[in-house]
Each structure stands twice: as C-alpha cells, then as structure tokens.
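Structure record follows, encoded as structure tokens.
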C-alpha cells in the first residue's frame, strides 16, 4: 500500500512538471510574428536535447541522497524507485 502511494505521488508530481513544460512550450504559440515564432521554436528544438541531462542529474542526486544521506543500500533504493539494485547503483554512479 505504501509503495502504491509513493508511485501515485511520483506520478502526480511528474504530471505536474510535464504540464508546466507543456504550458511553457505553448508560450511559443503566443509569439505574434510567424517568422519569429518559427525561429524561436527552432531554437527550442535545437536546445532540447541538451536539457535531457537535467532530469538524469536530479534523479542521480536523489539516489545519492537516499544512499549517502539516508544510509539506504541499493536493493532498498531500487525497491523505492521501482527498479532493481543494479540499476539503482548505475544511477548513483551516473551510468544510467
């Protein structure tokens, strides 16, 4: 039951962040000049791949907080974040 609640909380938090990202991207539609709007959208598309690393860094910091800060081992962390212990370790090491 607690695990299901944690999953529900994570899903709700992720949904909130994704909604904010979508709303921010919709801001491109509000640019009145079509040429400027197209160039701005192109810049966002070019920069987007670089932003992929930010959620990975945040996840790695969270796993480190669980391991180093709270003293949990990787099987415990894996269970908490819905993965296995080896993947939890790879996330902690920045390899996944």
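Taken together, the values in this text are just the output of simple stated rules run on the coordinates, not laboratory data. Please read all numbers here as calculations on a predicted model, not as lab measurements. Every residue, glycine as well, gets a Cβ built from its backbone with ideal geometry; the counts of neighbours run over all protein chains shown.
A compact table of results
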| quantity | calculated |
| --- | --- |
| Reciprocal of mean inverse Cα separation for the stretch 52-96 (Kirkwood radius, Å) | 10.0 Å |
| Normalised convex hull volume, the chain, alpha-carbon set, Å³ per residue | 100 Å³ |
| Segments 86-92, 37-43, 22-28, 71-77 sorted - mean Cβ within 10 Å per residue, highest first | 86-92, 71-77, 37-43, 22-28 |
| The chain: calculated mean residue ellipticity at 222 nm from DSSP helix runs of at least 4, using -39500 (n - 2.57) | -24000 deg cm²/dmol |
| Net length gained if the chain between residue 53 and residue 84 were fully extended (0.36 nm per residue, minus Cα distance) | 9.0 nm |
| Acute angle (nearest 10 degrees) that the helix 2-26 long axis makes with the longest principal axis of the chain, alpha-carbon atoms | 20 degrees |
| Mean separation of Cα contacts under 8 Å, 6 or more apart, over the residue count of the stretch 52-96: relative contact order % | 37 percent |
| Relative contact order, percent, the chain [alpha-carbon distance under 8 Å, six or more residues apart] | 18 percent |
| Stretch gain in nm, segment residue 12-residue 45, where the contour uses 0.36 nm per residue and the Cα spacing is subtracted | 9.2 nm |
